[in-house]
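Asker: The structure follows.
The values are calculated or read from the model by the stated rules, or taken from the named source; none is laboratory data. All figures in this text were calculated on a predicted structure; none of them were measured in a lab. All Cβ positions, even for glycine, are placed from backbone atoms using ideal geometry, and neighbour counts span all protein chains on display.
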C-alpha cells in the first residue's frame, strides 16, 4: 500500500479534524514514498491504533533509521506491529514540533515514552502588594499581565518546589503560607529563616528576596494582544503560517486568507509555550511573527 496524494500532504492542519484516514501513507517496504522534508510521521498498528508519533526535518531519513536500526527490543516490537506509516509535511522544524505535540496529546500513542496528556495545571500567582503567592489554575496564565511562576501538575508539586526555594534562600515557610502558627517559626530556631515571622526581617525585604528567588520560574507573558502567525519556510520555498494565541496552538495554514478555517480557541498549553520560547529566543531560528489582531504590546 502506498499513497502519496492527499489533501493532508500540504502545510495545513486543523486540530478539530481527525486526519487518521486522510493522511498519505506507505509501508515499511516502500519507504521511498516518504518525503525527504520536514514533517511528522505516525506509525499505525492493527485497527488503526496509533503506535508512535515522531517528527524530523527529514521524515524519510528518520523513519528509515527506525526501520533499519531499532535501538531496543521495545523498538523492534513497535516496528513489528506497524501496519502503515503516515505523514504530514510541515514548513520546518517549528511546525513539526507544534504538530507532534498536538497529535501526541490527541492520540496518546502506545509507544511514545512521554505521553503528554492535556491536564489541568496549577501555577503560583503573586500580585503586586501581596506578601505571599497563591496557587491558581494554570489556565489563568493566558489572561493577563499578572506574574505567574511555574506550572505544576498538582498542588503538592507546587508546594514542594516553593518549599525547596525557601530552604535554599532562608525564606520563612510561615510567611509564605506553607506552615501555620504564630511567633517564631521552627526554621528561625534552627537558622533556616532570617526572621520575617518575628520581626527580625521586614516583610518588604522578605518579599523582595522571595520574588527574586522565584524569578527563575516566571512564565513569560504573551507579548501580543491576540493571535500571531509564525511564518516559517523550508528550503524549497514553501511557507507555513502557525497560528498561536496566548501560547495556544490553533493550527497551521499556507495563507492568512485561510484563517477562518481554523478554530478560535484559547487556553495555555505548556508544550506550545516551551516550543515557541526556544524559537523566539533563537537569533537564527528563521521564524517571523506576524501579529494578526493588532500590534505588539509594550511590556
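Asker: If residue 174 meets every condition in (1) surrounded by 15 or more Cβ atoms within 10 Å (Cβ to Cβ); (2) under 30 Å from residue 274 (Cα atoms) apart from one, which number is that one?
Answerer: Condition (2) is where residue 174 drops out.
Asker: Would you kindly identify the strands (runs of 3 or more DSSP E) lying entirely within segment 1-112 that contain at least 3 residues that are within 20 Å of residue 262 (Cβ to Cβ)?
Answerer: none
Asker: While we're on this one: Provide a single number: the residues in segment 145-179 that are outside any helix (DSSP H, G or I) and touching a residue at least 12 places away in the same chain (Cβ under 8 Å).
Answerer: Looking only at that region, the number is 19.
Asker: Over 19 Å from residue 245 (Cβ atoms) and at pLDDT below 90, is that true of residue 84?
Answerer: Considered against the rule, which asks whether it is over 19 Å from residue 245 (Cβ atoms) and at pLDDT below 90, residue 84 comes out as no.
Asker: Within segment 192-239, how many residues are under 15 Å from residue 291 (Cα atoms) and in contact with a helix residue (DSSP H, G or I) (Cβ under 6 Å, 6 or more places away or on another chain)?
Answerer: 1
Asker: A further question follows. Evaluate segment 226-236: report whether one residue or more is in a loop (DSSP other than H, G, I, E, B), surrounded by 19 or more Cβ atoms within 10 Å (Cβ to Cβ) and touching a residue at least 40 places away in the same chain (Cβ under 8 Å).
Answerer: Checked segment 226-236: at least one residue is in a loop (DSSP other than H, G, I, E, B), surrounded by 19 or more Cβ atoms within 10 Å (Cβ to Cβ) and touching a residue at least 40 places away in the same chain (Cβ under 8 Å).
Asker: Here is a further query. Looking at 54, 45, which is the one that is buried (at least 16 other Cβ atoms within 10 Å of the Cβ) and closer than 27 Å to residue 236 by Cα?
Answerer: Being buried (at least 16 other Cβ atoms within 10 Å of the Cβ) and closer than 27 Å to residue 236 by Cα holds for just one of 54, 45, which is 54.
Asker: If you scan segment 180-209, which residues turn out to be surrounded by fewer than 19 Cβ atoms within 10 Å (Cβ to Cβ) and touching a residue at least 60 places away in the same chain (Cβ under 8 Å)?
Answerer: Selection gives 203 alone.
Each row is one residue, and each column tells you yes or no for (1) over 21 Å from the mean Cα position of the chain (by Cα); (2) at pLDDT below 85.
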{"position": "266", "(1), (2)": "no, yes"}
{"position": "271", "(1), (2)": "no, no"}
{"position": "275", "(1), (2)": "no, no"}
{"position": "282", "(1), (2)": "no, yes"}
{"position": "286", "(1), (2)": "no, yes"}
{"position": "295", "(1), (2)": "yes, yes"}
{"position": "298", "(1), (2)": "yes, yes"}
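Asker: Ok, one more. Residue by residue through segment 76-96, note down the ones that are more than 16 Å from residue 239 (Cα to Cα) and touching a residue at least 12 places away in the same chain (Cβ under 8 Å).
Answerer: 78, 79, 81, 82, 83, 84, 85, 86, 87
Asker: Further, regarding this structure: Could you grab me the full set of residues in segment 257-274 that are surrounded by 13 or more Cβ atoms within 10 Å (Cβ to Cβ) and assigned to a helix (DSSP H, G or I)?
Answerer: 258, 259, 270, 271, 272, 273, 274
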